[in-house]
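Below is one structure, written out as structure tokens; comments come after it.
The values are calculated or read from the model by the stated rules, or taken from the named source; none is laboratory data. These numbers come from a predicted model, not from an experiment. Cβ coordinates were reconstructed from backbone atoms using ideal geometry, including for glycine residues, and neighbour counts include every protein chain displayed. Heavy atoms of the whole protein, side chains included, go into the accessibility calculation; ligands, DNA and RNA do not. Shrake-Rupley method; radii C 1.70, N 1.55, O 1.52, S 1.80 Å.
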Amino acid sequence: MKHPTSRLLHAYWDGLRGARAAPERGEIEPGEIRHVLADSLILEIDAPRQAATVRLAGTRLCALFGAELRGLSFADLWGEMPAADPWRLVEAVIQETAGVVVGLVGVT
């Protein structure tokens, strides 16, 4: 949680969910987090297949990648030979109901 945007989004999420693992989709009000949406990424999870797909990607994230990310596999964002298994990150968030901090190095 190095970036203020991440902290704001996590605080909003945490406030909605309370003691639950996650808030219900209908509880999330985009207008309340409009100032962080450009930096946000929402994944659609298919746990039986151990797959995550980008459901929504903010404009700043898409600009960083130089393309629209919606519909892409989360694992594909990590390149051909990721040093870490992207599914393990998703699985940790699902099982521990906690955020993870990830550092990346971009290459043109």
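Taking region 1-60 as the range and being among the charged types (D, E, K, R) and either assigned to a helix (DSSP H, G or I) or modelled with pLDDT under 90 (or both) as the test, the residues that pass are K2, R7, D14, R17, R20, E24, R25, E27, E32, D39, R49, R60. If A67 passes every condition in (1) surrounded by 13 or more Cβ atoms within 10 Å (Cβ to Cβ); (2) assigned by the TED database to the domain that holds I94; (3) aliphatic (A, V, I, L, M); (4) at pLDDT 90 or above but one, which one does it miss? The failed condition is (1).
Count of region 80-108 residues, restricted to those that are charged (D, E, K, R) and either open to solvent by less than 50 Å² (accessible area, probe 1.4 Å) or in a loop (DSSP other than H, G, I, E, B) (or both), is 2. Looking across region 2-16, the residues that are touching a residue at least 40 places away in the same chain (Cβ under 8 Å) and closer than 15 Å to A98 by Cβ come down to S6, H10. Of the residues making up region 18-37, just one is without any contact (Cβ under 8 Å) to a residue 24 or more places away in the chain, under 20 Å from Q95 (Cβ atoms) and surrounded by 13 or more Cβ atoms within 10 Å (Cβ to Cβ), namely P23.
Count of region 42-77 residues, restricted to those that are aromatic (F, W, Y) and under 13 Å from the mean Cα position of the chain (by Cα), is 1.
If you check L77 against the conditions, is it part of a helix (DSSP H, G or I) and either in contact with an Asp or Glu (Cβ under 8 Å, 6 or more places away or on another chain) or among the polar types (S, T, N, Q) (or both)? No.
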